[in-house]
Amino acid sequence: MSFNSFGNLLKLTTYGESHGVAIGGVIDGFPAGLQVDFDAIQEELNRRKPGQSKIVTQRKEPDTVQFLSGIFEGKTTGTSIGFTIQNTNQKSKDYNHNTNIYRPSHADYTYDKKFGERDYRGGGRSSARETANWVVAGALAKQLIAEISINAFTSSVGEIFLDKPYQELDFSKTEDNIIRCPDDVSAQKMIDKVKEIRKAGDTIGGTITCVAKNVPVGLGEPIFHKLHAELGKAMLSINAVKGFEFGSGFCGAKMKGSEHNDIFNQDGSTQSNLSGGIQGGISNGMDIYFRVAFKPVATIMSSQQTINSENEIAEITGKGRHDPCVVPRAVPIVEAMTALVLADYYLLNRTRTV
């Protein structure tokens, strides 16, 4: 299995399965001399870890990261940063019922057909547990580009939307509730909906909005490796993501140029920001904002028709511990991948300075 790496100058390579001994990774290209805030990294992992509230999977993992290399006396050395996260709460017997049966809309079928082998315990490598590795790397990347603030939040669950523009939101309130929505009224409606869906043995999707402020002008490339293309690739790499739009997104397709153009001020800023902070694939200094759509989790606790490895019609009912809605735990993942992309392009820009 190839393609376990992400990034250009700042590159993350990961390993591990959901029910294996451990997951982890190696970060290459990280500059020397950064004083690492280990508590901040662990806090990011705590935001993503399972079992943190009643509306997420009840798998209990401490998700404590152990750094193996690349950091000495609290500072990065410029060499490869190796790290590992132990799996401590696997219940592989929960998956004995689908050793040769494919869960609808899950990666079970495609993994088996591609590789001829699959780890049925929690989906193996296809499990979202892999994203804990991304959060470690993203937390380090945040510290490298500390002047850029990156804030993601739940902006919808099912048909319940947070309709306020992000400029009116207080991002410090995102962690005040278990759904990670910085609006108390909308948050409670979303929480109630997830509880209702969970009780029915079903799952539900939603969206996450992310805003990056204080991004310098000039990040990104004009042809291939456009900044928004790399952000889109990062977001679409996250498990369960079905859509990505930045700036005006699909709404821009309904507008006229006279409505959509961002008029310049003398200082280079713009009076509006329908471009979403990126023009021609390059950051323009305005806020970068985008929205990511997540599908409902594939494993549901009710019976469904499916097929087995012999292509015979079968039935399957989900068992074990699963998220009724992946969105709350995906908020720090979206932030982490955003940080990795921006930090990578920050380093690429540094190679061009004299």
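Taking θ = phi - 60°, what integer Hz values does the Karplus form 6.51 cos²θ - 1.76 cosθ + 1.60 yield along region 302-307, in sequence order, with x for Gly and Pro?
Ordered by residue, 3J(HN,Hα) equals 9, 6, 9, 7, 8, 10 Hz.
Calculate for the chain the 222 nm mean residue ellipticity that helices alone would give, adding -39,500 (n - 2.57) per DSSP H run of length 4 or more and normalising by residue count, nearest 500 deg cm²/dmol.
Computed ellipticity for the chain at 222 nm equals -7500 deg cm²/dmol.
Provide the net charge surrounding residue 230, with neighbours chosen by a C-beta distance below 10 Å and charges set as Lys +1, Arg +1, Asp -1, Glu -1.
Local net charge: 0.
First measure r as the distance between the Cβ atoms of residue 224 and residue 348, then evaluate 1/(1 + (r/R0)^6) with R0 = 22 Å and state the FRET efficiency to the nearest 0.05.
0.95
Can you list the residues of region 43-81 with backbone N under 13 Å from a point 7 Å past the Cα of residue 195, pointing along Cα to Cβ?
Residues 54-56 fall inside that zone.
In whole Hz and in residue order, list the ³J(HN,Hα) couplings for region 212-227 that follow from phi through the Karplus curve 6.51 cos²θ - 1.76 cosθ + 1.60, θ = phi - 60°; x for Gly and Pro.
10, 10, 6, 7, x, 5, x, 7, x, 10, x, 10, 7, 6, 4, 4
At q = 0.07 Å⁻¹, what base-10 log of I(q)/I(0) does the Debye formula yield for the chain when every alpha carbon is treated as an equal point scatterer in vacuo?
-0.31
With loop defined by DSSP as not H, G, I, E or B, and exposure as at most 13 other Cβ atoms within 10 Å, which is the longest segment of the chain clear of exposed chymotrypsin sites (Phe, Trp or Tyr not before Pro)?
4-223
What is the extension gain from residue 164 to residue 88, computed as 0.36 nm multiplied by their sequence separation minus the C-alpha to C-alpha distance, in nm to one decimal?
That pair, residue 164 and residue 88, stretches by 23.3 nm at full extension.
Relative contact order (percent) for region 179-279, with alpha-carbon contacts under 8 angstrom and 6 or more residues of separation?
Once normalised by length, the contact order is 15 percent.
Which order do peptides 29-37, 42-50, 304-312 fall in by mean Cβ count within 10 Å, highest first?
Descending packing order for the listed peptides: 42-50, 29-37, 304-312.
Please list the non-local residues whose amide H lies under 5 Å from the amide H of residue 307, H modeled 1.01 Å from N, same-chain partners needing a gap of 5 or more.
HN-HN under 5 Å from residue 307: 102, 314.
What are the lysines whose alpha-carbon lies under 26 Å from the alpha-carbon of residue 142, with same-chain residues fewer than 8 places away excluded?
Reachable lysines: 11, 49, 75, 173, 213, 226, 233, 242.
Report the FRET efficiency, 1/(1 + (r/R0)^6), for residue 105 and residue 287, where r is their Cβ-Cβ distance and R0 is 51 Å, rounded to 0.05.
0.90
Relative contact order, percent, of the chain when contacts are C-alpha pairs under 8 Å separated by at least 6 residues?
22 percent
Stretched out fully, how many nm does the piece from residue 77 to residue 250 gain, at 0.36 nm a residue minus the Cα gap?
Difference between extended and current length: 57.9 nm.
Readers should treat all values here as calculations from the given coordinates under stated rules, not as data from a laboratory. Predicted model only: the values in this text are computed from it and were never measured. Glycine also receives a Cβ, built like all others from the backbone with ideal geometry; neighbour counts cover every protein chain displayed.
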